[in-house]
Amino acid sequence: MAKIYTIVNQKGGVGKTTTSINLGAKLGEFGLRVLIVDLDPQANATASLGVERHRLNAGTYELIIGTGKASEIILHHPRYKISLIPSTVNLSGAEIELIDLPDREKRLQRVLDPLRENYDYIIIDCPPSLGLLTLNGLIAARDGVIIPVQCEYLALEGLGQLTQTLQRIRQNLFPELTIRGVLLTMFDGRTNLSADVRAEVQKFFPNLVFEAYIPRSVRLAEAPSFGMPISVYAPESSGAKAYDAIARELLLGDGFEIDLEK
Ligand code: ATP
Ligand code: MG
């Protein structure tokens, strides 16, 4: 049964997509069966994996609206050892179209649950909002959410609102919703600010901050324009090593006993 993790933070540009694709690709390299779900109309995850969305007929939108079948929509990316449910332009309209549909918050969950037996990990990349698409992402997060937090001034801003949203979902829609972990991103070891942010985030989320953190790395920012995960684009870079470390930490916590020596 696949673990389903949703990468969420309504703040923009904190590293959600970078984490989705690079963590996903790394888990794929470790031999796990990985499905990445692009739930963002910006389609950054889709593009970052080198998939040209204007060539696609269907994606996440068709799945959650109910006009497409998963078996026909999922793309297999043999080179990066992952599968992808891509985001197409139609997804931009979903936020409004979902409002009138029955079970509008649970549609992604319904689509992904039956796919769990085919994968070890399903990773959902959310847009920077707390709208209906993100709500669908949260309610599909069977094994918890992963919250990237950028190590910058005002890093904690919005996290109260996010935890309140999680709490409301637990009360009304999905009592089992948990936080799997908080990931510090764009950490700059030369600044006190990054260390301060880390201390503050640890105080805000006791015992939930991953030990591994993602440094600020130019290579990580470059890789998407080549349509490659960092492990392929620059395997020796600090960013690649960081996503390797976080993948191992996740696997260890999830009880996967695979050979991670390589
Ligand atoms: P959005 O909210 O728009 O979906 P996001 O949270 O998905 O954004 P990303 O797209 O992953 O954030 O990252 C924002 C920008 O920062 C991108 O240009 C990305 O390449 C860059 N970036 C992400 N992580 C790092 C890092 N560790 N070091 C340097 N640049 C990074
Ligand atoms: Mg993104």
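The values are calculated or read from the model by the stated rules, or taken from the named source; none is laboratory data. All figures in this text were calculated on a predicted structure; none of them were measured in a lab. As a convention, Cβ positions derive from the backbone with ideal geometry for all residues, glycine included, and neighbour counts pool all protein chains shown. Calculation scope for accessible area: heavy atoms of the full protein, side chains included, ligands and nucleic acids excluded. Shrake-Rupley method; radii C 1.70, N 1.55, O 1.52, S 1.80 Å.
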Could you please give the count of residues in region 126-149 that are away from ligand 1 (no atom under 12 Å from the Cβ), among the polar types (S, T, N, Q) and either more than 15 Å from Leu91 (Cβ to Cβ) or open to solvent by 10 Å² or more (accessible area, probe 1.4 Å) (or both)?
0
Test: residue in region 40-52 that is away from ligand 1 (no atom under 15 Å from the Cβ), surrounded by fewer than 24 Cβ atoms within 10 Å (Cβ to Cβ), at pLDDT 95 or above and of a type in the set (Gly, Ala, Ser):
no
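Taking helices (runs of 4 or more DSSP H) that do not extend beyond region 61-116, which have at least 1 residues that are closer than 16 Å to Thr134 by Cβ and touching a residue at least 24 places away in the same chain (Cβ under 8 Å)? Don't jump to the end; show me each part of the working.
Details: elements: 70-73, 94-97, 107-112.
Answer list for region 61-116: 94-97, 107-112.
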Considering only region 168-179, I want to know if a residue exists there that is among the β-branched types (Val, Ile, Thr) and in contact with a Pro (Cβ under 6 Å, 6 or more places away or on another chain).
no
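Go through Thr6, Thr18 for me and flag whichever is among the polar types (S, T, N, Q), touching a helix residue (DSSP H, G or I) at 6+ places or on another chain (Cβ under 8 Å) and assigned to a strand (DSSP E or B).
Testing whether each residue is among the polar types (S, T, N, Q), touching a helix residue (DSSP H, G or I) at 6+ places or on another chain (Cβ under 8 Å) and assigned to a strand (DSSP E or B) leaves just Thr6.
With respect to Leu162, is the statement that it is within 16 Å of ligand 2 (Cβ to nearest atom) and in contact with a Phe, Trp or Tyr (Cβ under 6 Å, 6 or more places away or on another chain) true?
On the way: within 16 Å of ligand 2 (Cβ to nearest atom): yes; in contact with a Phe, Trp or Tyr (Cβ under 6 Å, 6 or more places away or on another chain): no.
It is false that Leu162 is within 16 Å of ligand 2 (Cβ to nearest atom) and in contact with a Phe, Trp or Tyr (Cβ under 6 Å, 6 or more places away or on another chain).
Tell me the residue from Leu177, Leu154 that is at positive phi, assigned to a loop (DSSP other than H, G, I, E, B) and not acidic (Asp, Glu), please.
Leu154
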Just give me the residues in region 22-31 being open to solvent by 10 Å² or more (accessible area, probe 1.4 Å) and among the hydrophobic types (A, V, I, L, M, F, W, C), in sequence order.
Phe30
Failed criterion for Ala221 (all others in (1) within 16 Å of ligand 2 (Cβ to nearest atom); (2) crowded, with 17+ Cβ neighbours inside 10 Å; (3) part of a helix (DSSP H, G or I); (4) not aromatic (Phe, Trp, Tyr) hold):
(2)
